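Shown next, in structure tokens, is the structure this report addresses.
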Amino acid sequence: MSDEQKLQDLKTRLAEIVDLRRAEAILSWDQHVMMPPGGAAARAEQLATLDRVSHEMFVSDEIGGLIEDLRSYEEGLDYESDDASLIRRTRRDYGKASRVPPELSAEMTRAGAIAYEAWVKARKASDFKAFLPYLEKNVQLKHRYVECFDPADETYDVLLDDFEEGMKTAEVREVFDQLKDELLPFIAEVAERQDAVDDSSLHAGFPTDGQEQFGRSIIERFGFTPEAWRLDRTVHPFATGSCPTDIRLTTRYAEDNLESIFSSMHEFGHGAYENGVDQSLDRTPLCRGASLGLHESQSRMWENLVGRSLPFWHYFFPKIQETFPEQLGGVELETFYKAVNKVQPSLIRVDADEVTYNFHIILRFELEQEIVDSTIELADLPEAWNAKMDEYLGVDVPDEATGVLQDVHWSFGGFGYFPTYSLGNIISVQIWEKALEAIPGLYDQFEQGEFGELREWLRENLHRYGRKFTPRETLERVAGAPLDAGPYIRYLKDKLGQVYGIATPVSA
Ligand code: ZN
């Protein structure tokens with residue numbers, strides 16, 4: 001076989017694996033959006049089978065042989081070309097996947113599924129002890145997983161790498177320390193001025209049909225089209241799909257708040273990333289976002305930098321007043337704008353504001369390191385959790401359901417996932433500053449309800465590359481710099497300093 005034939009063979013094999021993974025994504029979407037509960041057991045088997053088959057196909061000797069044989073061919077290609085990226089990135093994925101024995105991988109999946117059920121019950125009963133044996137099992141398996149690799153520096157690096165390739169624990173610690181130094185005093189200052197923001201207008205009672213229609217009208221202006229997108233209702237909002245022109249967003253609606261609107265914008269950001277990947281990468285493993293952190297930078301950008309900005313509400317506030325005249329007809333734009341930017345320490349991560357959110361993440365990041373380094377007894381986690389909630393946010397945790405048991409991640413063994421949420425916040429502003437430089441009238445466009453130039457700029461400078469480059473290379477390419485918390489901290493202090501009437505030093 002010639003090198004060209006070998007490359008073609010590799011592409012065909014990878015395309016079939018991608019087909020299976022996409023089928024999995026749609027089965028999973030169906031499970032969360034459409035399926036009657038009676039399908040649960042059969043669906044778990046279907047997903048497990050697809051997962052096993054695609055994994056076996058990927059770690060096969062044939063694929064291993066092809067990527068070895070194509071080494072010198074790859075060296076002759078332009079580093080930036082689709083083919084060079086495909087070979088290079090597949091070699092890296094293969095190297096990682098083939099280190100983990102299939103039995104261990106299957107056991108982790110199985111233990112995760114069992115622990116998830118236990119977690120749902122334990123959370124309902126607010127009983128951490130009931131969840132503890134399952135957590136212990138997950139942690140044991142993670143230790144075996146870590147042993148498959150040789151961590152250069154820290155144990156946690158191995159787990160972090162599964163969600164944010166190439167990121168080191170030490171690097172995350174450094175930017176999180178910066179957030180602590182800069183934002184904890186800021187939160188304390190805001191706390192003394194709680195009267196500056198009145199958010200009662202956000203809890204006036206909003207029929208969910210109106211919320212759905214209004215949320216839809218926003219993301220349609222962002223770029224949602226019926227030809228390539230869907231929006232459905234679910235319990236825990238997410239975005240998925242089967243290719244760049246089949247994007248599925250989900251959200252949830254509650255009458256006593258307007259969170260669904262921000263959640264729709266958030267999921268649109270995830271969808272726009274997948275929708276923007278170049279068609280030339282379709283049916284390859286490069287046809288998705290570069291990492292969870294970069295993905296979250298896009299959802300946070302549309303949710304917060306666009307959706308909580310004053311120019312955005314200049315355009316949309318009259319429209320939401322039309323949708324909810326009784327609730328919002330008598331409210332001033334400025335009052336509403338301040339309300340959607342309210343900063344207040346609270347118990348639950350997913351409900352947290354832009355500033356305090358990061359401390360929910362820092363708490364989990366610190367505890368996870370202790371868990372994987374075995375420097376904490378798992379039975380002591382509730383106490384350690386509560387102590388950190390008090391230390392960082394001054395919040396009393398009334399029970400385990402709203403404390404240590406609130407998130408799903410530890411039930412499926414997702415240690416190392418949490419930091420990517422805050423990395424996404426940080427990266428979103430690094431990219432935003434570049435977009436502002438490139439599009440001088442950006443905020444004027446928002447006031448006119450125009451968002452297309454921003455979306456196209458993001459497509460051109462980030463989305464189209466998919467996973468062609470490492471997350472680090474991708475960030476450098478779009479933001480022109482490595483990870484840096486400076487722009488994010490300045491943005492929060494500037495915007496929220498104004499909302500709360502706190503004079504901030506002129507940004508350096
Ligand atoms: Zn997200």
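The values are calculated or read from the model by the stated rules, or taken from the named source; none is laboratory data. Treat the numbers as computed from the prediction; the structure is a model and nothing was measured. No Cβ is skipped: glycine too gets one built from the backbone with ideal geometry, and neighbour counts run over all protein chains shown.
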Considering only the stretch 441-456, how many residues are in contact with a helix residue (DSSP H, G or I) (Cβ under 9 Å, 6 or more places away or on another chain) and either over 11 Å from ARG221 (Cβ atoms) or outside any loop (DSSP other than H, G, I, E, B) (or both)? 11
Note on the stretch 57-91: residues closer than 23 Å to CYS148 by Cα, without any contact (Cβ under 8 Å) to a residue 40 or more places away in the chain and basic (Lys, Arg) are ARG88, ARG91
Report every pair of residues separated by at least 6 positions or lying on different chains whose Cβ atoms are under 8 Å apart, first residue within the stretch 225-245 and more than 19 Å from GLU303 (Cα to Cα), second within 14 Å of the ligand (Cβ to nearest atom) and acidic (Asp, Glu). GLY241/GLU274; PRO244/GLU274
Any pair with Cβ under 8 angstrom, 6 or more apart, that starts in the stretch 9-30 at a residue that is closer than 17 Å to ARG52 by Cβ and ends at one that is modelled with pLDDT under 95 and acidic (Asp, Glu): GLU24/ASP51
Among (1) assigned to a helix (DSSP H, G or I); (2) touching a residue at least 40 places away in the same chain (Cβ under 8 Å), GLN321 falls short only on (2)
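One line per residue, one yes/no per condition, for (1) in contact (Cβ under 8 Å) with a residue 60 or more places away in the chain; (2) away from the ligand (no atom under 16 Å from the Cβ):
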| position | (1), (2) |
| --- | --- |
| ASP396 | no, yes |
| LEU405 | yes, yes |
| PHE415 | yes, yes |
| PHE418 | no, no |
| SER422 | yes, no |
| SER428 | yes, no |
| ILE431 | yes, no |
| ASP444 | yes, yes |
| GLU453 | no, yes |
Quick one: which of THR323, THR356 is in contact with a Leu (Cβ under 8 Å, 6 or more places away or on another chain) and hydroxyl-bearing (Ser, Thr, Tyr)? THR356
Select, from GLU68, GLU117, the only residue that is in a helix (DSSP H, G or I), out of contact with any strand residue (DSSP E or B) (no Cβ under 7 Å at 6 or more places or on another chain), within 19 Å of PHE415 (Cα to Cα) and not basic (Lys, Arg). GLU117
Is it fair to say ARG248 is of a type in the set (Lys, Arg) and either within 16 Å of the ligand (Cβ to nearest atom) or touching a Cys at 6+ places or on another chain (Cβ under 6 Å) (or both)? yes
Hey, does the stretch 298-309 have a residue that's crowded, with 24+ Cβ neighbours inside 10 Å, more than 18 Å from TYR488 (Cα to Cα), within 14 Å of the ligand (Cβ to nearest atom) and aromatic (Phe, Trp, Tyr)? no
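If you go through the stretch 206-228 one residue at a time, do you hit one that is over 22 Å from the mean Cα position of the chain (by Cα) and at positive phi?
Applying the first criterion (over 22 Å from the mean Cα position of the chain (by Cα)) to the stretch 206-228 yields 206-214, 217, 221, 225-227.
Pick out the ones that are also at positive phi and you get none.
Taking every residue of the stretch 206-228 in turn, none turns out to be over 22 Å from the mean Cα position of the chain (by Cα) and at positive phi.
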